[in-house]
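Here the structure comes first, spelled out in structure tokens, and everything after it is commentary.
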Amino acid sequence: MKIPKEAENIIRLLADNTHDAYVVGGCVRDTLIGRDPDDWDITTDAKPEEIKKIFHRTIDTGIEHGTVTVLMNGHSYEVTTYRVDGEYSDHRRPDSVSYTDNLIEDLKRRDFTINAMAYNHEKGLVDAFGGQEDLKKGIVRCVGTADERFTEDALRILRAIRFSAQLGFEIEANTLKAIGLHGKDLPAVSAERILVELNKTINSAHPENMRLIWEWGLDRYISEHFYLIKDASGLVPGYQGSWAALMRDNTPDEVRIVLKELKSDNDTLNRSIALVTEYKNPLPETAVEVRRILNRIGPELFNALMDMYESSGVSPEEIDRLMEIKSGIMIRGEAYTLKQLNITGNDLLSLGYKPGPQLGSVLEGLLEEVLEDPTLNSFDKLQKIASAM
Ligand code: ATP
Ligand code: MG
């Protein structure tokens, strides 16, 4: 298995100091299936204090659960001591963690078989729970008894759905059944963690796997008003999903309520509300209507809107036609914002208009004319129109 030079160095330095160390978890999984890992995590029998003695540049990322970040060549690697989790009493975090010198014990606490493999050049792949076989079969399966693993930490429910969506995997039958049983524990999980998993699911290769949330009755436990979303039919195989697509049939107010509950960032909130609002309008037909949409939501959201229409059944030919109208507008530089008008507020002032809200409405009126007929966007014509207003 090919692993980054820095990870090799970290493992070698730990070995030079009599410690075992492996790359572990997501990076092993992704490498085995030919995906590029986001990050490389290392697991070792060295304790945090020992890790810090061996490496010069470290950050105490989560030292209370054994994680130290090692900085090397401008990259950072999380190095975590082999760990076993104590009792779980809040359906989210272990009450305590303790160290072990047994790698298998560490792998056993991990969520899914495909995430519970470790590798180093010396020992090769350590796969004690059939992770490789499940990777081959395309299965998300809990390590150990699914029922217990989801009772311990309800976040794993959403992680199972997320990995199934990212990898296009099935969820193994017992794991699936346990998802249904433990949805009720989801309120123990913070909105932030829920949002991370839902975002990864919606933005995955198989956003339609969000349907599992409704199939297993999880929608009632994700957040107070999440049930207002009726199903996942807005997320269609082969299309990049988005919150707006998921909530296309909800009201803008409902979109706001749900995304606020999930502590979404304002940018996503505003974009989603704008798209859902716009989606309720009839499909545009003419260039004038396309320019009006561009005026309301801008060119980037226009593309997202077209994706929403296409995934709701509008023919690809019609979408292509509208995208061409849009490209034409952009290429010809036709105005759809006040900024693009060939007359400014200052121009109007020097023509004798008084400052104030009236000036704004004159400009809006001019833009309205130009949206209808782009050939009117010259200083002379706009000046004439203004004086007749
Ligand atoms: P990603 O590609 O999103 O980073 P990942 O598998 O690396 O996926 P992380 O959240 O980075 O996921 O976690 C790293 C590893 O830690 C996982 O592969 C898994 O072994 C373990 N892990 C993470 N979260 C949990 C959890 N809630 N319960 C059990 N094990 C977990
Ligand atoms: Mg990771």
Contour minus Cα-Cα distance for N174 and M323 (0.36 nm per residue): 49.1 nm
Value of D in µm² per second that Stokes-Einstein yields for the stretch 1-92, Kirkwood Rh from Cα pairs, at 10 °C (1.306 mPa s): 115 µm²/s
Which of I161, I273 has the fewest Cβ neighbours within 10 Å, and the rest in rising order: I273, I161
Distance from the stretch 10-48 to the stretch 223-244 (C-alpha centre basis), Å: 36 Å
Cα-Cα over 28 Å, subset of K108/K136; K2/K47; K5/K137; K137/K184; K177/K200; K47/K123: K5/K137; K137/K184
Semi-axes of the equivalent ellipsoid for the stretch 260-387, Cα gyration tensor, largest first, Å: 31, 20, 10
Euclidean distance of C-alpha centroids, the stretch 113-158 and the stretch 353-385, integer Å: 64 Å
Where Rh is the Kirkwood radius over Cα pairs, Rg/Rh for the chain: 1.12
Mean Cβ neighbour count within 10 Å, used as a protection proxy, ranking 302-313, 200-211, 121-132 highest first: 200-211, 302-313, 121-132
Debye, to nearest 20: dipole size of the chain, +1 on Lys, Arg Cβ, -1 on Asp, Glu Cβ: 400 debye
Karplus-derived HN-Hα couplings along the stretch 171-176 (A = 6.51, B = -1.76, C = 1.60, θ = phi - 60°), whole Hz, x at Gly and Pro: 9, 4, 4, 5, 5, 5
Nitroxide proxy distance, nm - points 7 Å out along Cα→Cβ at S387 and E8: 7.8 nm
Semi-axis lengths, Å, the stretch 134-179, gyration tensor of Cα atoms, sqrt of 5 times eigenvalues: 17, 11, 8
Value at 222 nm in deg cm²/dmol, rounded to 500, when DSSP H runs of n ≥ 4 in the chain each add -39,500 (n - 2.57): -14500 deg cm²/dmol
Compactness index (Cα Rg / 2.2 N^0.38 Å), the stretch 92-237: 1.08
Sequence-distant lysines (8 or more away, or on other chains) whose Cα lies within less than 25 Å of K384: K339, K354
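Every number in this text was worked out from the coordinates using simple rules, so none of it is lab data. The structure presented is a predicted model; accordingly, all values stated were derived computationally and were not measured. Every residue, glycine among them, receives a Cβ derived from its backbone with ideal geometry; neighbour counts consider all protein chains shown.
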